[in-house]
Amino acid sequence: MIYWDNNATTPLAPEVLEAMMPSLTTDYYNPSASYGPARRIRQAIEQARETVAALIGAHPDEIVFTSGGTEATNTALANLTQRGTNSIATLTTEHPATHRSIPQATLSPVTADGLADADAWAHNLSGKTAATFAWANHETGVIQPVEHLAAIAHDAGAELHLDLVQAAGKIPIAIHGTPARFASLSAHKIHGPKGIGALYVRRGTAWTPLLHGGGQENDRRSGTENVPGIIGFGKAAELALAALEQRNNIAALRDRFENELNAAGYAVTVHGATAPRLPHVSNLRLAECTAETLTLLLEPAGLLCSAGSACTSSDPHPSHVLQAMGIADADIRHALRFSLSRYTTEEHVAEALQIIRTAIGKILSVQSARTGPVMVYRP
């Protein structure tokens with residue numbers, strides 16, 4: 001099986017599982033206890049905090065462990081919107097964790113390549129106290145001009161939250177090079193475990209925790225710590241940092257995949273192709289067949305990808321990200337997201353291309369201008 005849906009989640013790295021096993025079996029102690037074995041667990045948590053902080057160039061005491069990127073984002077935005085529900089600006093292409101947290105936010109448009117319209121961003125920030133956007137988009141992999149957009153927000157007097165869920169561990173990030181007060185991270189996007197994330201809170205930032213209770217995380221996020229998850233996150237961050245050197249190799253594999261599809265004569269459109277993209281993401285449109293039809297053939301042949309954001313794949317509505325880029329709904333039905341990983345090989349690319357060619361050939365053999373495209377009927 002070729003798994004190319006790594007923007008949805010990544011397989012657990014073997015080294016991460018190995019690092020987690022003791023805390024799942026013999027080292028089961030509550031890190032809040034005072035005896036020796038528990039203190040060793042506390043030390044392991046703090047070591048993981050240091051590694052996660054290093055992933056984005058933060059100080060360890062700026063990292064608060066959460067249940068995932070969604071909780072981190074919700075916590076940050078709950079704080080940023082305390083002065084009023086209409087006090088925050090964001091982009092039309094943001095993840096639902098952002099949009100649904102701030103339903104009355106001012107949505108700023110993007111251009112056809114998925115990049116923020118900087119003039120509109122500056123205009124929409126007028127009078128706002130806060131701003132939020134993703135460093136890299138979850139569907140297209142488009143990387144925003146973070147330094148420029150952040151500077152605009154700072155000049156407007158808006159406190160900033162950055163969604164790093166897709167970008168962290170894929171490209172170098174120096175969070176202190178931005179004015180961001182908050183940032184969100186997630187372990188399962190970098191070959192770590194599900195159910196664990198982190199909120200970056202810049203030193204000196206006043207904020208109110210979302211969860212209250214026993215005072216864990218220095219009273220910043222109560223609840224008994226997810227020790228295996230935290231340790232796994234730390235190991236995943238360590239591996240991701242080391243693997244950043246491979247990003248150009250991954251981009252070359254992604255580019256080969258796109259180029260060979262084009263060379264095969266298919267009508268391929270790569271969404272965000274003219275913008276900087278994460279090295280492993282290819283969101284493209286194949287005019288020959290709908291994404292829904294194609295994925296029905298790809299899965300049994302051994303290739304897993306996404307016909308949209310995994311968070312909304314059960315939603316029959318077209319991708320809001322692609323709509324925001326000005327793509328017609330009829331064309332969005334032909335869009336597929338392939339997200340590779342650092343484990344992708346040349347052989348995987350060759351095999352995936354053959355699987356796609358075969359699947360498209362089968363579809364074209366039964367559809368024509370007279371019969372129309374093959375459609376999937378769901379009662």
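What's the number of the condition K194 fails, among (1) in a helix (DSSP H, G or I); (2) at pLDDT 95 or above; (3) not aromatic (F, W, Y)?
All conditions are met except number (1).
Every residue in the stretch 78-103 that is assigned to a loop (DSSP other than H, G, I, E, B), open to solvent by 20 Å² or more (accessible area, probe 1.4 Å) and touching a residue at least 24 places away in the same chain (Cβ under 8 Å), please.
Listed by number, the residues that qualify are T81, Q82, R83, G84, T92, H95, S101.
Filter the stretch 110-125 down to the residues that are over 19 Å from the mean Cα position of the chain (by Cα) and either under 20 Å from L77 (Cβ atoms) or open to solvent by less than 10 Å² (accessible area, probe 1.4 Å) (or both) and list them by number.
W121, N124, L125
Has the stretch 136-150 got at least one residue that is open to solvent by less than 10 Å² (accessible area, probe 1.4 Å), among the aliphatic types (A, V, I, L, M) and in contact (Cβ under 8 Å) with a residue 40 or more places away in the chain?
Looking for residues that are open to solvent by less than 10 Å² (accessible area, probe 1.4 Å), among the aliphatic types (A, V, I, L, M) and in contact (Cβ under 8 Å) with a residue 40 or more places away in the chain, one finds at least one in the stretch 136-150, hence yes.
Only one residue in T75, T106 is polar (S, T, N, Q), within 21 Å of the chain's Cα centre (by Cα) and open to solvent by less than 50 Å² (accessible area, probe 1.4 Å). Which one?
On inspection, the qualifying residue turns out to be T75.
Here is a check on your reading of the model: is E159 farther than 29 Å from N283 by Cα, in contact with a helix residue (DSSP H, G or I) (Cβ under 7 Å, 6 or more places away or on another chain) and not assigned by the TED database to the domain that holds H280?
So E159 passes the test.
Could you please give the count of residues in the stretch 174-204 that are over 15 Å from P60 (Cα atoms) and open to solvent by less than 50 Å² (accessible area, probe 1.4 Å)?
13
When the stretch 9-28 is examined, which residues are found to be in a loop (DSSP other than H, G, I, E, B) and either touching a Gly at 6+ places or on another chain (Cβ under 9 Å) or open to solvent by less than 20 Å² (accessible area, probe 1.4 Å) (or both)?
The answer is T10, L12, A13.
State whether one or more residues within the stretch 45-61 are open to solvent by less than 60 Å² (accessible area, probe 1.4 Å), hydrophobic (A, V, I, L, M, F, W, C), under 29 Å from A167 (Cβ atoms) and not in a helix (DSSP H, G or I).
Yes: one or more hits.
Do we have any residue at all in the stretch 334-349 that's open to solvent by 80 Å² or more (accessible area, probe 1.4 Å), outside any loop (DSSP other than H, G, I, E, B) and at pLDDT 95 or above?
Checking the stretch 334-349: at least one residue is open to solvent by 80 Å² or more (accessible area, probe 1.4 Å), outside any loop (DSSP other than H, G, I, E, B) and at pLDDT 95 or above.
Taking the residues in the stretch 320-332 that are in contact with a strand residue (DSSP E or B) (Cβ under 9 Å, 6 or more places away or on another chain) and either in a helix (DSSP H, G or I) or modelled with pLDDT under 95 (or both) as candidates, determine which candidate is nearest to E94 (Cα to Cα).
V321
Do you know which residues across the stretch 250-266 are surrounded by fewer than 16 Cβ atoms within 10 Å (Cβ to Cβ) and either outside any helix (DSSP H, G or I) or in the same structural domain as P193 (by the TED database) (or both)?
Residues satisfying the conditions are A264, G265.
Would you mind finding the one in L199, L239 that is in a helix (DSSP H, G or I) and either in contact with a Gly (Cβ under 6 Å, 6 or more places away or on another chain) or not charged (D, E, K, R) (or both)?
Going through L199, L239 in turn, the sole match is L239.
Regarding the stretch 206-218, can at least one residue be identified that is open to solvent by less than 20 Å² (accessible area, probe 1.4 Å), touching a residue at least 40 places away in the same chain (Cβ under 8 Å) and not assigned by the TED database to the domain that holds A352?
The answer is yes, given that some residue of the stretch 206-218 is open to solvent by less than 20 Å² (accessible area, probe 1.4 Å), touching a residue at least 40 places away in the same chain (Cβ under 8 Å) and not assigned by the TED database to the domain that holds A352.
The values are calculated or read from the model by the stated rules, or taken from the named source; none is laboratory data. Only a predicted model underlies this, so the values are computations on that prediction, with no experimental measurement involved. Note that we place each Cβ from the backbone using ideal geometry, even for glycine, and neighbour counts take in every protein chain shown. Each accessible area value is taken on the protein alone, full model and side chains, heavy atoms only, with ligands, DNA and RNA left out. Shrake-Rupley method; radii C 1.70, N 1.55, O 1.52, S 1.80 Å.
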